[in-house]
Amino acid sequence: MTQVSFYLFEKSTERQVESACRLCRKILNQHPQIWWYCTDSEIQNELDDKLWSFDPNSFIPHGIDQSHSPVCISEQLPPSNDWIVFNFNNHALEQIQDFRHIIEIIENNETAKQLGREKFKTYRRLGIEPRTFKL
């Protein structure tokens with residue numbers, strides 16, 4: 001069964017891109033395949049740049065549309081359900097049976113919170129009870 005996890009920033013002003021890098025580093029120790037689903041090329045490039053620079057002491061192998069990398073940034077959905085999917089789009093992933101785990105990071109601003117609420121409702125409508133982590 002698919003898991004959905006929401007990471008909600010209630011007090012922190014940390015951006016989604018930075019949070020994703022930290023969370024990704026932590027998850028990679030336990031799961032070697034992470035897919036960053038993002039249809040916005042500007043955000044793709046920002047994610048790529050941030051993975052190069054966010055931690056000078058450790059490099060996370062990644063690439064845009066490089067499915068052989070431990071972290072793949074792509075506007076396409078992953079080819080199999082072996083991947084943990086970070087969703088950087090403004091809508092929930094409705095093909096939930098295609099994924100093992102979906103991660104939604106919600107920044108501390110009203111626009112992001114409203115999008116997060118809509119995504120949460122969609123996952124519930126699809127029969128998933130998302131886990132929520134307040135940060």
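The values are calculated or read from the model by the stated rules, or taken from the named source; none is laboratory data. Quantities reported herein were computed from a predicted structural model and do not represent experimental measurements. Glycine gets a Cβ as well: all are built from the backbone with ideal geometry, and neighbour counts include every protein chain shown. Just the protein is used for accessible areas: all its heavy atoms, side chains included, with ligands, DNA and RNA removed. Shrake-Rupley method; radii C 1.70, N 1.55, O 1.52, S 1.80 Å.
The alpha carbon gyration tensor of the stretch 3-46 gives principal lengths a ≥ b ≥ c with a/c of 1.5 or higher and a/b no greater than b/c, which makes the shape oblate. Extension gain for HIS31 to GLN66 (0.36 nm times residue separation, less C-alpha to C-alpha distance): 10.9 nm. In summary, the lysines within cross-link reach of LYS50, defined as a Cα separation below 29 angstrom excluding same-chain residues under 8 places away, comprise LYS11, LYS26, LYS113, LYS119, LYS134.
Using θ = phi - 60° in the Karplus curve 6.51 cos²θ - 1.76 cosθ + 1.60, the 3J(HN,Hα) couplings for the stretch 96-112 round to 4, 5, 7, 10, 7, 8, 10, 10, 10, 10, 10, 5, 8, 8, 4, 4, 5 Hz; x is entered for Gly and Pro.
Note: relative contact order over the chain, using C-alpha pairs below 8 Å and six or more positions apart, is 40 percent. Placing +1 on each Lys and Arg Cβ and -1 on each Asp and Glu Cβ, with no other charges, gives the chain a dipole about its Cα centre of roughly 680 debye. Helical content alone sets the calculated 222 nm signal of the chain at -10000 deg cm²/dmol, taking -39,500 (n - 2.57) per DSSP H segment of four or more residues and averaging over every residue. With the charge dipole of the chain set up from +1 on Lys and Arg Cβ and -1 on Asp and Glu Cβ about the Cα centre, the Cα lying farthest toward the positive end among the listed residues ILE96, ILE60, GLY127 is that of GLY127.
Around the amide H of TYR7, modelled in the peptide plane, lie the amide H atoms of GLU104, ILE105, ILE106, PHE133, all under 5 Å away and 5 or more residues distant in sequence or on another chain. As a size descriptor, the averaged projected area of the C-alpha convex hull of the stretch 34-135 was calculated at 7.0 nm². Ordering of 102-110, 46-54 by packing is 102-110, 46-54, highest average first (other Cβ atoms within 10 Å, averaged per residue). Taking Cβ atoms as reference points and 12 Å as the exclusive limit, the residues near TYR123 contribute a net charge of +2, counting Lys and Arg as +1 and Asp and Glu as -1. For the stretch 74-79, the Karplus equation 6.51 cos²θ - 1.76 cosθ + 1.60, evaluated at θ = phi - 60°, returns couplings of 8, 8, 9, 7, x, x Hz by residue, with Gly and Pro reported as x. For the chain, the per residue solvent-accessible surface stands at 55 Å², with DNA, RNA and ligands left out and a 1.4 Å probe.
Would you work out what percent of the accessible area of the stretch 1-132, with all protein chains in place, is carbon or sulfur (probe 1.4 Å)? Please list the in-between numbers first.
Values: 3240 of 7140 Å².
That share works out to 45 percent.
Couplings 3J(HN,Hα) of the stretch 40-57, computed from phi: 9, 5, 5, 5, 4, 5, 5, 4, 4, 4, 5, 5, 6, 10, 5, 9, x, 8 Hz, in residue order, whole Hz [Karplus 6.51 cos²θ - 1.76 cosθ + 1.60, θ = phi - 60°; x for Gly and Pro].
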